[in-house]
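For reference, the structure discussed in these notes is given below.
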Amino acid sequence: MRFDIRDVFTGLPVWVGVVSVAVMAGVAALAVAFMIMGFARWRARRHLTALYRFDVNRLKKPLYTVWPLLAEAIAVRVVWPDAVHVEAFVTLTKFLTILLIYWLALCGIDIVTASVSRRYDITVKDNLKARRVHTQITLARRLATFLLVLLTLAAIFLLFDELRGLGVSLLASAGVAGIVIGFAAQKTLGNLLAGIQIALTQPIRLEDAVVVEGEWGWIEDITLTYVVVRLWDLRRLVLPISYFIEKPFQNWTRTSASLIGTVELYTDYSVPVEALRAHLTDLLARTDLWDGQVQVVQLTEAHPQVVKIRILVSAADSPTAFDLRCYVRENMIAFLSTHYPEALPKTRARIEEGGAMPDKAVKPDIRHPADSAAPVTHAV
């Protein structure tokens, strides 16, 4: 014998049966929601992995609200499909159901992305993996939210015949306007696809040190349509996300957060390179800016009047590398000025025997002083 719950309410008004079924469904749904929340809290306390390290209280409100209301609506429509005859009420119920599902899905996206990103600390120095994960999570979250909004709006429009007919008529009669709108949206769609491509290939990540448009800064935010670069002087450079797909730029932290800084000095030919190497070792031993990896002093170029000394030092990240370069440059110049002033750049002039200094600018002598027997006047 088949059991029909409507037989229990035989002889009573229909609304009594509808309310009773709705109340029973709501209570059952609350019980299920309570068990889900208890299980989530137990997992959060017992397990330390990122999947369960989320704030379960963020799930409490939508779960206790959406789940019972959906259960009540489904129970009433299944048990008493003829109980509701007002079309407006049915449409309102569907509308609220769509909004509640949207809210629950949005909370689910937030909880999942927050729980995964919490495992990776982006504030540590060696944060390459953390920045990669945070970039993927940020773009995936915004893409999922964007698609969820589109699906929600589409579901709401499908509820109303008037809006559905208006949409069809607009598509049928768009003509040239539709083509213009398509061309206008082409760049937006291109940026959207570029955002998906960046999420997959990751030429940039959050907190990457980059040089774009002649400016140096860090990737502060990545959206589906634009990227915000935080410049060194706290200005913000906003670029379309397609820029990082179509144009070249420098990424200083693409494979590692550590960087090699360059310091260039122009000195006289008499500069003692070995003394510079020894002094650089002493300088780096007295600072925490150096990461202990790279320490090089090389004479890289020889010009008619000066030679170029290139110093390479490494640091843990780009801000530290900048400070380290300034530290090395300042102390190297002070070292030369104090101990080897003759090694600073000079202006050389050659005066013939019996000649006089010209009134105007002298002609530089490209030869080294040791190669010339004529007297040489040095002007420093």
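The values are calculated or read from the model by the stated rules, or taken from the named source; none is laboratory data. This is a predicted model, so every value here is computed, not measured. When we count neighbours, we look across all protein chains shown, and the Cβ atoms used for this are built from the backbone with ideal geometry, even at glycine. Areas reflect the complete protein model, heavy atoms only, side chains present, ligands, DNA and RNA absent. Shrake-Rupley method; radii C 1.70, N 1.55, O 1.52, S 1.80 Å.
Of note:
- Any chance Thr267 is touching a residue at least 12 places away in the same chain (Cβ under 8 Å) and within 33 Å of the chain's Cα centre (by Cα): no
- Inside the range 190-220, residues that are farther than 16 Å from Thr253 by Cα and modelled with pLDDT under 90 make up a count of 11.
- If the condition is being among the hydroxyl-bearing types (Ser, Thr, Tyr) and in contact (Cβ under 8 Å) with a residue 12 or more places away in the chain, then the range 320-340 contributes Thr320, Tyr327, Tyr340.
The rows are residues; the columns are (1) assigned to a strand (DSSP E or B); (2) open to solvent by less than 70 Å² (accessible area, probe 1.4 Å).
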{"position": "Gln298", "(1), (2)": "yes, no"}
{"position": "Glu301", "(1), (2)": "yes, no"}
{"position": "Leu312", "(1), (2)": "yes, yes"}
{"position": "Thr320", "(1), (2)": "no, yes"}
{"position": "Leu324", "(1), (2)": "no, yes"}
{"position": "Tyr327", "(1), (2)": "no, yes"}
{"position": "Met332", "(1), (2)": "no, yes"}
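- Test: residue in the range 51-72 that is modelled with pLDDT under 70, of a type outside the set (A, V, I, L, M, F, W, C) and in contact with an Asp or Glu (Cβ under 9 Å, 6 or more places away or on another chain): yes
- Qualifying residues in the range 219-233 (those that are in contact with a Pro (Cβ under 9 Å, 6 or more places away or on another chain) and closer than 14 Å to Glu207 by Cβ) - the one surrounded by the most Cβ atoms within 10 Å (Cβ to Cβ): Val227
- Only one of Arg286, Arg236, Arg277 that is among the charged types (D, E, K, R), at pLDDT 90 or above, within 17 Å of the chain's Cα centre (by Cα) and open to solvent by 50 Å² or more (accessible area, probe 1.4 Å): Arg236
- In the range 239-259, residue most open to solvent (accessible area, probe 1.4 Å) [restricted to those that are within 22 Å of Pro319 (Cα to Cα) and not in a loop (DSSP other than H, G, I, E, B)]: Gln250
- Taken over the range 268-318, the criterion of being within 30 Å of Thr123 (Cα to Cα) and of a type in the set (Asp, Glu) is satisfied by Asp288, Asp291, Asp317.
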